[in-house]
1. When S48 is evaluated against the numbered criteria (1) over 17 Å from the mean Cα position of the chain (by Cα); (2) in a helix (DSSP H, G or I), which criterion, by number, is the only one it fails?
2. From the list A89, A119, which one is out of contact with any strand residue (DSSP E or B) (no Cβ under 6 Å at 6 or more places or on another chain) and among the aliphatic types (A, V, I, L, M)?
3. Condition check: in contact (Cβ under 8 Å) with a residue 40 or more places away in the chain, part of a loop (DSSP other than H, G, I, E, B) and among the hydrophobic types (A, V, I, L, M, F, W, C). Does L173 satisfy that?
4. Just to check your reading of the model, which residue among L243, L173 is under 23 Å from L104 (Cβ atoms), surrounded by fewer than 19 Cβ atoms within 10 Å (Cβ to Cβ) and of a type outside the set (K, R)?
5. Somewhere in segment 208-224, is a residue of a type in the set (S, T, N, Q), touching a Leu at 6+ places or on another chain (Cβ under 8 Å), farther than 27 Å from T134 by Cα and not in a helix (DSSP H, G or I)?
6. Of the conditions (1) among the hydroxyl-bearing types (S, T, Y); (2) farther than 19 Å from I39 by Cβ; (3) at pLDDT below 95, T151 clears all except one; give me its number.
7. Give me the pairs, please: first residue somewhere in segment 128-150 and in a helix (DSSP H, G or I) and crowded, with 18+ Cβ neighbours inside 10 Å, second residue anywhere and β-branched (V, I, T) and at pLDDT 95 or above, beta-carbon distance under 6 Å, and either six or more positions apart or on two chains.
8. When only residues in segment 73-108 that are of a type in the set (D, E, K, R) and without any contact (Cβ under 8 Å) to a residue 24 or more places away in the chain count, which is surrounded by the fewest Cβ atoms within 10 Å (Cβ to Cβ)?
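The values are calculated or read from the model by the stated rules, or taken from the named source; none is laboratory data. Bear in mind that the values here come from a model prediction, so they are computed numbers and not experimental data. So basically every Cβ, Gly included, is an ideal-geometry build from the backbone, and we count neighbours across all protein chains shown.
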Amino acid sequence: MIDLTTLADLKPGICSVTLRSKGIDDVVQIASAAGLAGIEWGTDVHVSDAASAWHAREACEDAGLAVFSLGSYYRAGCFGDFGRDLDLAEALGAPRIRIWAGELGSAAANEDHWDAVVADTRRVADLAADRGITIAFEYHGNTLTDSPATTLQLLERVDHGIVGTYWQPAVGLSDQQALDSLHQVLPHVVGVHCFSWGPEAERHPLRSRKLLWQAVSDALRGNGRDLDIMMEFVADDLPENVLNDAAFLHSITLGED
């Protein structure tokens, strides 16, 4: 018998990039209508300065939504001004900042690139820790977190208590291959981006990979650590497809589908 008291709580949410063409208030309204728990706000469009960060924060508070994280486009290894991202996260009330693990895929990265990404990640993590904010790597192609093995290698080299990783199914993997990749990095996963893409990055309803997302949800819930599972893309970027995918996401996070 499964001990339900040990199962993790999965909080369904959405990344604001899913609705890149919509304004902050529209994103919040759609997320609320979908019954989602929170939003990861991207710095690409929606949260670009203090005013927009406060706007998003207050709109979420008014709607009873949590701010899951700040989805930044900071590339570790550039040694850039991370203070801007920290200021935005604080104004937004975000407990976590997503960053990218360099600008090269692991196969193309030399040791100097690895060293730079490791050193810069430690630097920004120290800065974030001073403000009570955690860091998570985007799990993505063309970065050092483009495979489970390199993600684990990077996390081991960074060796910082507030640095974890997101996970998402890499494009082109079978359901079993994607699930295997999750299990390899699972102890370090602090959030999941969910979507259902075909091998050429075609966007499908989330339910079209029902077996994968059921297995992912079971693995996350059984891992015993609460985390956010956030829709990142929907078919045709349509709000009605956010509602449809959210209904499925609710069911799997509750273990009902």
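1. Among (1) over 17 Å from the mean Cα position of the chain (by Cα); (2) in a helix (DSSP H, G or I), the lone unmet condition for S48 is (2).
2. On the way: A89 fails: out of contact with any strand residue (DSSP E or B) (no Cβ under 6 Å at 6 or more places or on another chain).
Just a single option satisfies the conditions, and that option is A119.
3. Numbers: in contact (Cβ under 8 Å) with a residue 40 or more places away in the chain: no; part of a loop (DSSP other than H, G, I, E, B): yes; among the hydrophobic types (A, V, I, L, M, F, W, C): yes.
It is false that L173 is in contact (Cβ under 8 Å) with a residue 40 or more places away in the chain, part of a loop (DSSP other than H, G, I, E, B) and among the hydrophobic types (A, V, I, L, M, F, W, C).
4. Values: L243 fails: under 23 Å from L104 (Cβ atoms).
The unique qualifying residue is L173.
5. From segment 208-224, those of a type in the set (S, T, N, Q) are 208, 214, 217, 223; that's our starting set.
Subsequent filtering for residues that are touching a Leu at 6+ places or on another chain (Cβ under 8 Å) retains 217, 223.
Still in the running and farther than 27 Å from T134 by Cα: none.
No, because not a single residue in segment 208-224 is of a type in the set (S, T, N, Q), touching a Leu at 6+ places or on another chain (Cβ under 8 Å), farther than 27 Å from T134 by Cα and not in a helix (DSSP H, G or I).
6. (3)
7. A128/I135; P148/V185
8. Here is the first cut: in segment 73-108, the residues of a type in the set (D, E, K, R) are 75, 81, 84-85, 87, 90, 96, 98, 103.
Adding the requirement that they be without any contact (Cβ under 8 Å) to a residue 24 or more places away in the chain leaves 81, 84.
Details: D81: 10, R84: 15.
Once the filter is applied, the top-ranked residue is D81.
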